[in-house]
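A short worksheet on the structure shown next.
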Amino acid sequence: MTKVVAITGASNGMGFAAAELFAKEGWIVYGGARRVEKIPNAEHIHALKLDVTDHTSNQAFIDAIFQQEKRIDVLINNAGYGEYGPVEDISLDNARRQFETNFFGAADLAQLVLPIMRAQKSGRIINISSIGGDVYMPLGAYYHATKAALQQWSDSLDIEIAPFGVRSLVIQPGGTQSAWSDIALAHARENLKTDSVYTTLVDKVSALLTANEHTSGASSEDLAQVFYKAATDTRPKRRYFNTLSDRAMVWLARSCPRDFKKLFMTVLNYLGNRALKKR
């Protein structure tokens with residue numbers, strides 16, 4: 001039986017690459033995004049309009065897939081973004097929007113798809129978090145909070161649904177070769193108040209993210225392979241990482257929080273001060 005996967009945020013980056021990979025492997029793919037015209041146009045890929053912050057849109061997305069296929073084997077909650085900015089400056093409206101997209105959208109879709117998966121007695125909900133669910137940095141307080149919430153929620157959900165043959169899993173990517181950091185930093189600058197005292201901090205974090213993500217991050221295709229592994233492993237894991245270094249960073253942040261903070265501040269100040277001197 002041909003399997004069916006629903007992927008949110010399928011118009012770019014990891015979601016785009018995952019849609020192409022699953023289709024290449026013979027799956028029926030339903031990709032959802034607000035910019036539906038940017039979803040891959042290929043055999044076995046069906047592009048649907050989707051705004052994960054809108055319950056009506058989520059309901060229409062799941063209903064359309066089920067009415068056509070009569071099953072959904074995997075839901076990949078991939079839609080998300082980084083609403084960066086200093087806690088003192090960022091508006092709570094923007095913080096709420098971050099939670100609506102990164103967390104509550106996934107929760108809403110899970111509630112909609114679970115009756116289908118329970119009836120099938122099989123299915124996987126794959127939640128795309130980040131090493132940022134455990135690792136943290138300044139300006140990302142609300143982003144990190146959404147990813148930490150997604151992980152704890154996924155673990156609780158997994159216990160609840162495992163007796164029905166359904167699993168809830170988490171993927172934690174690290175740095176990526178994408179526009180993610182550029183978008184997050186653009187938000188950070190937009191969220192700065194006039195004459196903000198955090199302008200220098202934004203410059204330092206910008207230097208850190210630029211040095212890390214555009215040079216050594218994983219490609220979208222690399223991460224699509226992790227998505228596929230999580231969807232097809234005979235014995236699925238609770239967590240999936242792309243590299244050993246991503247796993248090690250999470251271990252350090254959780255097990256040695258003082259050492260992690262000291263290391264992070266050393267790197268941030270070194271790269272940030274060097275970037276400021278070049279001005």
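The values are calculated or read from the model by the stated rules, or taken from the named source; none is laboratory data. Keep in mind that what you see is a predicted model, and the values were worked out from it rather than measured. Note: ideal-geometry Cβ built from the backbone for every residue, glycine included; neighbour counts use all protein chains shown. With ligands, DNA and RNA removed, areas are computed over all heavy atoms of the protein, side chains included. Shrake-Rupley method; radii C 1.70, N 1.55, O 1.52, S 1.80 Å.
Tabulated results
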quantity	calculated
Extension gain, residue 120 back to residue 248 (0.36 nm per residue minus Cα-Cα distance, nm)	42.4 nm
Top of 199, 234, 243 by mean-square fluctuation, Gaussian network on the chain, Cα under 10 Å	234
Nearest-20 debye value, the range 1-64 charge dipole, Cβ charges on Lys, Arg, Asp, Glu	80
Positive-end extreme of charge dipole, the chain - chosen from 177, 245, 162 (charges on Cβ)	245
Selected from 270, 120, 153, residue furthest toward positive end of dipole (the chain; charges at beta carbon)	270
Efficiency of FRET from Cβ geometry, residue 255 and residue 111, R₀ 30 Å, rounded to 0.05	0.35
Inter-part distance where the range 119-150 and the range 48-70 are each reduced to a Cα centre, Å	22
Peptides 136-144, 38-46 ordered by average Cβ neighbours within 10 Å, highest first	136-144, 38-46
Förster radius 35 Å - calculated FRET efficiency between residue 38 and residue 270, Cβ distance, rounded to 0.05	0.40
The range 109-155: relative contact order as a whole-number percent, Cα under 8 Å and 6+ apart	33
Inter-site label distance for residue 263 and residue 196 at 7 Å from Cα along Cβ, in nm	2.8
For residue 176, distant residues with modelled amide H under 5 Å away	218
Distant-in-sequence amide H partners of residue 240 (H built 1.01 Å from N, under 5 Å)	170, 171, 172
Of all accessible heavy-atom area on the chain, the percent that carbon and sulfur account for (1.4 Å)	52
The range 1-128, relative contact order [Cα under 8 Å, separation at least 6], %	25
Rh by Kirkwood over Cα pairs, then Stokes-Einstein D for the range 32-158 at 1.306 mPa s and 10 °C, µm²/s	101
Mean ellipticity per residue at 222 nm, deg cm²/dmol - from DSSP H runs of n ≥ 4 across the chain, formula -39500 (n - 2.57)	-17500 deg cm²/dmol
Length gained when the stretch residue 179-residue 96 is fully extended (0.36 nm per residue, less Cα-Cα span)	27.6 nm
Computed over the chain, Kirkwood Rh from alpha-carbon pairs, angstrom	19.3
Residues with amide H under 5 Å from that of residue 83, placed H, sequence gap 5 or more	143
Taking the chain and dividing mean pair separation by its residue count, relative contact order in percent (alpha carbons under 8 Å, at least six apart)	18
